[in-house]
1. Taking region 111-162 as the search range and keeping residues that are part of a helix (DSSP H, G or I) and basic (Lys, Arg), which one is nearest to ASP51 (Cα to Cα)?
2. What is the residue count in region 27-42 for residues that are without any contact (Cβ under 8 Å) to a residue 60 or more places away in the chain, within 17 Å of VAL13 (Cα to Cα) and surrounded by 14 or more Cβ atoms within 10 Å (Cβ to Cβ)?
3. For region 166-191, which positions are without any contact (Cβ under 8 Å) to a residue 60 or more places away in the chain, of a type outside the set (Gly, Ala, Ser), over 16 Å from PHE116 (Cα atoms) and assigned to a loop (DSSP other than H, G, I, E, B)?
4. So is GLU284 over 21 Å from TYR215 (Cα atoms), without any contact (Cβ under 8 Å) to a residue 60 or more places away in the chain and not polar (S, T, N, Q) or not?
5. Identify all residues within region 14-26 that are more than 27 Å from LYS2 (Cβ to Cβ) and either surrounded by 20 or more Cβ atoms within 10 Å (Cβ to Cβ) or of a type in the set (Phe, Trp, Tyr) (or both); write none if there are none.
6. For region 1-54, what are the residues that are over 23 Å from VAL79 (Cα atoms), part of a loop (DSSP other than H, G, I, E, B) and under 14 Å from the mean Cα position of the chain (by Cα)?
7. Would you check if ALA194 is aliphatic (A, V, I, L, M), surrounded by fewer than 23 Cβ atoms within 10 Å (Cβ to Cβ) and not in a loop (DSSP other than H, G, I, E, B)?
8. Considering only residues that are farther than 21 Å from ILE201 by Cα and in contact with a Ser or Thr (Cβ under 9 Å, 6 or more places away or on another chain), look in region 76-91 and name the one that is surrounded by the fewest Cβ atoms within 10 Å (Cβ to Cβ).
Amino acid sequence: MKYRVLGKTGIHVSSLCFGTMSFGDAADEETSKAMFKRCREVGINFFDCADVYNEGRAEEILGRCIKDCREELVITSKVFGQTGKNINDRGLSRRHIQLGVEESLKRLGTDRIDIFFLHRFDNLTDIEETLRALDNLVHQGKILYPAVSNWAAWQIEKALGISSRQGLSSFACIQPMYNLVKRQAESEMLPMAAEENLGVITYSPLGGGLLTGKYSTQGKPATGRLIQNSIYEKRYGEGAYYQVAENFTNYAKERGYHPATLAVAWVMGHPTITAPIIGARNLEQLEVSLAAADLNMTKEWKEEISSLSIPPVPATDRSEEVI
């Protein structure tokens, strides 16, 4: 396992991050612990979680997994989503953030969260209010580094500007979606992260399963996230995505690679990305993604694979003019 420095933090994290969204749902506690153990065996020290994953069960299981090795690990969690029946049990208000961290710490069985993500953008709460709440948590020692997921680049830059002017703890890491069929992050998000020297951990490297070799223009499996989950079905429902998946699957198999392995390696090959987040329901799925750590995705190879997909629109309308 290779290790990379997370942005400006000085923290070394494994080049693969394991996402625990399956803990307590698709993976029972025994399977979750087995996958955690396997990740540790190959050198992964970076684990991603969220308060809303399976109504807190993922944090609880992860907390039991890390009990004997907490100081060796970098743990993330998130806040925003609905965590209770109260009308204020969601969003990025100071109230919900403070209470959310307290509950996450209890479930994880730890005294701090290393990387703490704002899970979504909150249109109802002033950004400065949110940033001050995060800064307070840093001073309390309950989180070490604020971070952000699923925000637009302009929203992140606005927040960074406020943090700089007000002397507040600023975002150290971002978590955007990124895979061969969802490349929007290349337009503004990843260039922004490179300019600001932010850590980047990306989610959904397999496109919700689309890039695992099970989907094509000719057919789909009987079950799967893209079949059973309406959000993923909508996210990856475009016919063009299935054509990309089919082309990519043929490319990978012709060269002797499992499509999922190559899909993760392709994400790892982007120079701005610290670590893609891999997930799994069982050890068999996990092994396929772990194999990506052994591939050397060169710039030329990444470009060749990129040509199989639809390039994202440029950030400006005058990109044809080279200055």
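The values are calculated or read from the model by the stated rules, or taken from the named source; none is laboratory data. Every value quoted in this text rests on a predicted model; they were computed, and no experiment measured them. Here Cβ is always computed from backbone atoms with ideal geometry, including for glycine, and neighbour counts include all displayed protein chains.
1. So, considering only residues that are part of a helix (DSSP H, G or I) and basic (Lys, Arg), the one nearest to ASP51 (Cα to Cα) is ARG132.
2. 2
3. Scanning region 166-191 gives a single hit, LYS182.
4. no
5. Scanning region 14-26 gives a single hit, GLY24.
6. SER15
7. yes
8. This residue is ASP89.
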